[in-house]
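Since the structure comes first, as structure tokens, the remarks are kept for the end.
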Amino acid sequence: MKIAVLAGGLSPERDVSLTSGSLIANALRRKGHRVALADVYLGCDAEVATLFTEAEEPPFRVAETAPDLEKLKATSGNGDALIGRNIVPLCQYADVVFLALHGAMGENGQLQALLDCYGIRYTGTGYIGSLLAMDKDITKKLLVGGGVPMAKGITVTPETYAEETLLREIGLPCVVKPCSCGSSVGVSIVENLEALQEAMAAAFAYEDRVLIEQKLIGREMTVGILEGKTLPPVEIIPKCGFYDYKNKYQSGMTEEICPPILTEAEATALSDMALKAADILRLGSYCRIDFILSDGIPYCLEANTLPGMTPLSLLPREAAAIGIPYDELCEIIALSACRKTV
């Protein structure tokens with residue numbers, strides 16, 4: 001099978017995506033597929049047919065900090081264009097497209113809608129579910145309305161933000177996060193007033209809509225879903241601070257327990273709420289839902305429509321716990337996309 005793996009993009013999660021993409025491409029090659037790995041932002045100049053190969057390539061590694069996108073735009077010459085040269089022809093030539101993107105166009109539905117317009121099959125969630133899950137404000141409104149517990153929160157812009165309103169309605173400690181970033185980019189946990197101004201500036205640096213939520217006390221859990229069934233959850237325990245960009249993608253920064261010690265009621269509640277959230281948000285054949293488990297209640301944090309597939313990523317760890325090795329997981333996801341109606 002000819003598989004195009006799209007990674008990179010113009011997103012703060014670009015490096016994470018390139019790492020996921022390189023690993024996915026090599027895994028699919030080991031399964032006997034001809035694979036072309038392309039940076040959706042930079043595009044490719046070669047004849048598309050020559051890009052598909054069974055030969056493995058060196059994997060990409062995530063840096064400790066998010067990439068400098070302004071520098072990338074300036075040095076590439078692509079500016080604000082989101083789709084690079086020959087990306088659409090590459091996808092048309094392939095039997096299926098494996099989306100290894102994270103954040104921005106890769107997860108907000110734009111790329112999915114484009115591929116739909118060309119009748120191209122791709123992995124993961126469709127454009128509607130991608131849009132709903134990427135925007136944390138929309139996600140919260142839909143999930144709370146559907147009966148999924150979430151922390152109390154408010155969404156503000158630079159024009160509507162007022163410290164006194166935050167303190168009155170949410171209080172401290174709180175969690176500040178951009179509405180449409182992933183990988184904890186721009187996220188801060190604020191314990192006191194001195195840290196609040198810096199946290200708001202960090203979040204507004206990424207976008208002009210910021211979600212502020214009460215800080216929940218409990219165990220951080222994540223539940224993967226593969227072809228309509230939940231995988232064993234992972235408990236996430238950062239060795240210092242919280243599960244931020246560095247702790248997610250640098251080796252040895254976080255303890256991840258799969259499966260964690262849970263009561264039967266807690267395990268059932270996590271599974272049920274993950275499936276409920278995925279149904280409300282119209283998520284695809286694989287995804288991941290994050291929770292804080294507090295007093296037996298799973299409070300949803302967010303939904304991930306294209307979970308990371310790095311060596312430290314959570315979905316591959318969950319799949320391995322039930323006997324699905326990494327290479328097989330990648331192939332299952334690709335084959336699932338082949339069965340989509342376009």
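What list of ³J(HN,Hα) values in whole Hz, one per residue of segment 197-204 in order, does the Karplus curve 6.51 cos²θ - 1.76 cosθ + 1.60 (θ = phi - 60°) give from phi, with Gly and Pro shown as x?
Each residue of segment 197-204 in turn: 4, 5, 5, 5, 5, 5, 6, 5 Hz.
Between segment 266-342 and segment 123-157, what is the separation of their alpha carbon centroids in Å?
Computed from Cα coordinates, the inter-centre distance equals 16 Å.
Report D for the chain in µm² per second (integer): Stokes-Einstein, Kirkwood Rh on Cα pairs, 10 °C, 1.306 mPa s.
Estimated via Stokes-Einstein, D reaches 78 µm²/s.
In the structure shown, do any of 31/136; 71/340; 31/73; 152/229; 177/340; 71/177 have a Cα-Cα gap over 30 Å, and if so which?
31/136; 71/340; 31/73; 177/340
Using θ = phi - 60° and the Karplus curve 6.51 cos²θ - 1.76 cosθ + 1.60, what whole-Hz ³J(HN,Hα) does each residue of segment 303-309 get, with Gly and Pro shown as x?
10, 10, 7, 10, x, x, 10
How far apart, in nm, are two points set 7 Å out from the Cα along the Cα-to-Cβ line at residue 207 and at residue 56?
It is 3.7 nm.
Whole angstrom only: what separates the Cα centroid of segment 25-69 from the Cα centroid of segment 178-241?
Centre-to-centre (Cα) distance: 29 Å.
Using only the alpha-carbon atoms, what does segment 121-206 span along each of its principal axes? Please give whole angstrom values in decreasing order.
Taking max minus min along each principal axis of the Cα atoms, segment 121-206 gives 49, 28, 23 Å.
How long are the semi-axes of the ellipsoid equivalent to segment 1-135, from square roots of 5 times the Cα gyration tensor eigenvalues, in whole Å, largest first?
Taking √(5λ) for each Cα gyration eigenvalue gives 21, 18, 15 Å.
How much length would be gained if the chain were fully extended between residue 92 and residue 322, taking 0.36 nm per residue of separation minus their Cα-Cα distance, in nm to one decimal?
79.4 nm
Round to the nearest 10 and give me the degree value, 0 to 90, for the angle of helix 326-338's Cα axis relative to the longest principal axis of the chain.
80 degrees
May I ask you to compute the full-extension gain from residue 80 to residue 237, defined as 0.36 nm times their residue separation minus their alpha-carbon distance, rounded to one decimal in nm?
Full-extension gain reported as 52.8 nm.
How far, in degrees from 0 to 90, does helix 264-280 lean away from the longest principal axis of the Cα atoms of the chain, to the nearest 10?
The helix 264-280 is inclined about 60 degrees to the chain.
Can you send over the carbon and sulfur percentage of the accessible area for segment 76-150, probe radius 1.4 Å, protein chains only?
So the carbon and sulfur contribution to the accessible surface is 57 percent.
Can you give the accessible area per residue of the chain, in Å², using a 1.4 Å probe?
Result: 42 Å² per residue.
For segment 85-144, what is the per residue volume of the convex hull drawn over the alpha-carbon atoms, in cubic angstrom?
Looking at segment 85-144, the number lands at 78 Å³ per residue.
Just how large is the dipole of the chain about the Cα centre, in debye to the nearest 20, putting +1 at every Lys and Arg Cβ and -1 at every Asp and Glu Cβ?
800 debye
Within the chain, what percent of beta bridges assigned by DSSP are antiparallel, to the nearest 5?
75 percent
What residues qualify as long-range amide H neighbours of residue 124, i.e. H under 5 Å apart, gap of 5 or more or another chain, H built at 1.01 Å from N?
Under 5 Å from the amide H of residue 124: 285, 286.
Nearest 0.05, what FRET efficiency do residue 172 and residue 295 give at R0 = 30 Å with Cβ-Cβ as r?
With R0 = 30 Å, the Cβ-Cβ based efficiency is 0.90.
The values are calculated or read from the model by the stated rules, or taken from the named source; none is laboratory data. Keep in mind it's a predicted model, so treat the numbers as computed, not measured. Don't worry about glycine lacking a Cβ; one is built from the backbone with ideal geometry, like all the others, and counts go over all protein chains shown. Note: accessible area is taken over every heavy atom of the protein model, side chains too, but ligands, DNA and RNA are not part of it. Shrake-Rupley method; radii C 1.70, N 1.55, O 1.52, S 1.80 Å.
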